[in-house]
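Notes for the one structure printed next.
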Ligand SMILES: [Zn+2]
């Protein structure tokens, strides 16, 4: 192949992707809308739309009155909801959550499957493939309509080699080659695995339709994770970036040993388990669940002051080192305390970070997280591009 045809091919892939990406997001578009937002000529826009229509990637549809009440256009192009679909799977110890998403990044269906037997390194492929097949049936989708599968995993995940290195909460997960899953699924698909923190981040970002090109996303839950996004996810040299939960913070009255074997990591006191221990240390109350937190605990000034200090320390550190456009933060471990500590944290970070000023912190609610959907968001554009290269060029 000569250089001209190579660069022509690259340009063509780029243009087709540009059209698809411009209209993702669940809307209905007329041809002139598409032309306007892509800036393409009428001729090349028409040609590309005809190609996508012929391949059934886009369908021309008249909307029902009911949909029209939502302020959508009466007719136009939409992404197919029957073909070119993605399935996202969030794999947990006793639960697999599934999400069905189309090329337009709209979630069409989702369902949670409680596992009869806990997941482990020995039954993992059987468990996931059984749930996958049940989900196809429940969603009334044919296996050949699925274009790609993306799996969200916790712990240590080598996304480049698709290896699940270890999980703190699931037994016998040691360097599992997740590529083997493809053989257990009923048809061949594009396949991706992703760290759950990135899936969490992209689910929240897409839910809010935020369009930041540069942000840090933090989640304080069973563990503490961080995503750094700069015109794309930053995954580090081995795909393990973002382990801020295992940075030590030596201001605790008494040392705590972390699950990772080291001392005083943030996870030992700002994860769900860690906050329960803090409540015991500061208030003398033993709780099993953060739902039980009451006003007396939330307003304990020594406790909420300590939490404010620790969270602010993380944020100042991040702000000074990464200079993000936004810091997006939340999670069930912090949520009960937010009414008291939120503004204090914002003020402290604004005053004490090096380039102080604008408040760049945004808070999300834990219930907005949808890892099964988010893992598709981390990978579907790559899979669509691959499909274009393999089939449309
Ligand atoms: Zn640790």
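The values are calculated or read from the model by the stated rules, or taken from the named source; none is laboratory data. Quick caveat: nothing in here was measured; it's all calculated off a predicted structure. Neighbour counts are summed over all protein chains in view; Cβ atoms, including those assigned to glycine, are modelled from backbone coordinates with ideal geometry.
Annotation: residue 333 fulfils all but one of (1) more than 16 Å from the ligand (Cβ to nearest atom); (2) assigned to a loop (DSSP other than H, G, I, E, B); (3) in contact (Cβ under 8 Å) with a residue 60 or more places away in the chain; the unmet one is (1). Considering region 247-272, and only residues there that are closer than 24 Å to residue 159 by Cβ and within 21 Å of the chain's Cα centre (by Cα), the residue that is nearest to the ligand (Cβ to nearest atom) turns out to be 267.
Residue-level check: of (1) closer than 19 Å to residue 330 by Cα; (2) away from the ligand (no atom under 13 Å from the Cβ); (3) under 20 Å from the mean Cα position of the chain (by Cα); (4) in contact (Cβ under 8 Å) with a residue 40 or more places away in the chain, residue 244 misses just (2). May I ask you to list the residues in region 324-372 that are surrounded by fewer than 14 Cβ atoms within 10 Å (Cβ to Cβ) and closer than 22 Å to residue 110 by Cβ? The answer is 365, 367, 368. Out of 208, 189, one residue alone is surrounded by 14 or more Cβ atoms within 10 Å (Cβ to Cβ) and touching a residue at least 24 places away in the same chain (Cβ under 8 Å). It is 189. Could you please let me know if residue 358 is modelled with pLDDT under 95, assigned by TED's automatic domain parsing to the domain that holds residue 307 and part of a loop (DSSP other than H, G, I, E, B)? So residue 358 fits the description; yes.
Residues that are crowded, with 21+ Cβ neighbours inside 10 Å and either on the phi > 0 side of the Ramachandran plot or part of a loop (DSSP other than H, G, I, E, B) (or both) within region 106-132 comprise just one, 119.
A single member of 239, 232 is at pLDDT below 95, buried (at least 19 other Cβ atoms within 10 Å of the Cβ) and either closer than 23 Å to residue 322 by Cβ or in contact with a helix residue (DSSP H, G or I) (Cβ under 7 Å, 6 or more places away or on another chain) (or both), and it is 239. When 255, 177 are checked against the criterion of being loosely packed, with under 15 Cβ neighbours inside 10 Å and either touching a helix residue (DSSP H, G or I) at 6+ places or on another chain (Cβ under 7 Å) or at pLDDT 95 or above (or both), a single residue qualifies: 177.
Might you let me know whether region 341-351 holds any residue that is touching a residue at least 24 places away in the same chain (Cβ under 8 Å), under 17 Å from residue 227 (Cβ atoms) and in the same structural domain as residue 288 (by TED's automatic domain parsing)? No: region 341-351 contains no residue that is touching a residue at least 24 places away in the same chain (Cβ under 8 Å), under 17 Å from residue 227 (Cβ atoms) and in the same structural domain as residue 288 (by TED's automatic domain parsing). For residue 227, state whether it is away from the ligand (no atom under 16 Å from the Cβ), under 18 Å from the mean Cα position of the chain (by Cα) and surrounded by fewer than 16 Cβ atoms within 10 Å (Cβ to Cβ). Judged against the criteria, residue 227 is not a match.
When region 285-323 is filtered for residues that are loosely packed, with under 13 Cβ neighbours inside 10 Å, free of Cβ contacts under 8 Å to residues at least 24 places away in the same chain and in a loop (DSSP other than H, G, I, E, B), the ones remaining, listed by number, are 286, 288, 289, 294.
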